[in-house]
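Okay, so here's the structure we're looking at.
The values are calculated or read from the model by the stated rules, or taken from the named source; none is laboratory data. Here the structure is a predicted model, which is why all the values come from computation and not from measurement. Note that we place each Cβ from the backbone using ideal geometry, even for glycine, and neighbour counts take in every protein chain shown. Accessible surface is based on the protein model in full, side chains and every heavy atom, while ligands, DNA and RNA are left aside. Shrake-Rupley method; radii C 1.70, N 1.55, O 1.52, S 1.80 Å.
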Amino acid sequence: MRTIYYITKMPPDLQRFGKELKESIIILPLLEIKTLLDCAVLEKFFSCDSLIFTSKNAIFALKKNLESLPNTVEAMQRWRNLPSFTLGSGCNEALKSLNLKPFFSASRAYGEEFARELIPHLQGKKPLFIRARKIASKLPQILASAGISLQQSILYETSPRQLQESQKEPLTRDCVIFFSAPSHIRAFLLNFAWDSSFIALCIGETTQKCARELLGAEAEILLSPKVSKEAALEFARTL
C-alpha cells in the first residue's frame with residue numbers, strides 16, 4: 001500500500017475514522033481554522049428563512065457566533081426551525097452533533113452543482129449562506145443569477161500553516177496526497193515541492209480543477225469516487 005498523507009487542519013478531526021484507517025495515514029496539519037464574528041449575523045439570522053452550509057466549519061462558526069449573543073437560547077431555538085441545506089456528509093455529521101438535521105443534502109459534493117440543485121428549493125425564499133472568507137465555488141453568483149435573494153455571513157477563514165524546516169519530514173515517493181479543498185493544495189505547496197511520483201487524490205471537481213492549475217499538466221490527479229473524507233481515504237488505500 002502506498003503512503004497516504006492527509007492534509008487537514010490543526011488540530012486534526014479524526015473522530016469518525018476507524019482505528020485501522022487512522023493507523024494507515026500520515027497527518028499533515030497544514031491549516032488553521034479561525035472563527036470570525038459578524039456584528040450583523042443576528043439581523044441576518046432572524047431575517048432569513050433557510051440556511052446554506054458547504055462546510056462543517058461554517059456550522060461550528062455559526063454556533064460560536066450565536067453563543068456570543070445575549071439571546072443565545074432564542075437563536076438556537078430558531079435554528080432548529082430553519083431548514084438547513086448542506087453539502088457533504090461532514091456538514092450532516094456536524095448538524096447531528098448539535099442535535100440538528102439537514103432539510104436537504106446535495107446528491108453530489110460539488111459546489112456549483114449543489115447551487116443548481118438548490119435553485120428549485122429556494123425560489124421565493126431568503127436563504128443565509130454561512131461561508132468562509134474565501135470560497136472557490138460560484139454558489140452565490142449562481143443563486144443570484146436565478147433571482148434568489150441570498151444573504152451571506154462570513155464566519156470563518158482558513159489560513160495555511162508554514163512549517164519550520166525542523167518540523168518537516170521528507171515525503172515518501174509514490175505516495176498519495178489527499179486534498180479535500182483548494183486551500184489544502186495551496187497550504188501543501190507552501191511547505192513542500194510537488195514530485196512527479198506523487199498522486200493527488202481530490203474530493204470535488206473544484207478541488208480537482210485547482211490541483212490541475214497548481215500542480216501542472218503532468219501531475220497525476222484523481223477524483224475520489226466517494227464524497228466523504230473517510231470514504232475517500234479508504235479509496236486511497238486501494239491505489
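A few points about this structure:
- Heavy atoms of Met1: accessible area, 1.4 Å probe, square angstrom to 10: 140 Å²
- Summed residue charge, Cβ within 13 Å of Asn99's Cβ, Lys/Arg positive, Asp/Glu negative: +3
- Computing log10 I(q)/I(0) by the Debye sum over Cα atoms at q = 0.09, 0.11 Å⁻¹ directly from the structure and comparing it against [x] -0.45, -0.64; [y] -0.36, -0.54; [z] -0.40, -0.59 singles out [z].
- Listed cross-link partners Lys56/Lys134; Lys56/Lys168; Lys63/Lys138 are compared with a 19 Å cut-off, the Cα-Cα value being larger for Lys56/Lys168; Lys63/Lys138.
- Surface per residue (accessible, 1.4 Å probe) for region 74-121, Å²: 50 Å²
- Surface analysis of region 142-239 yields an accessible area of 50 Å² per residue, using protein heavy atoms and a 1.4 Å probe.
- Accessible surface of region 108-210 [probe 1.4 Å, protein heavy atoms]: carbon and sulfur percent: 46 percent
- Virtual paramagnetic centre 7 Å along Cα→Cβ of Glu220, amide N under 15 Å, in region 153-179: 172-178
- Contact order normalised by residue count of region 87-239, Cα under 8 Å, 6+ apart, percent: 19 percent
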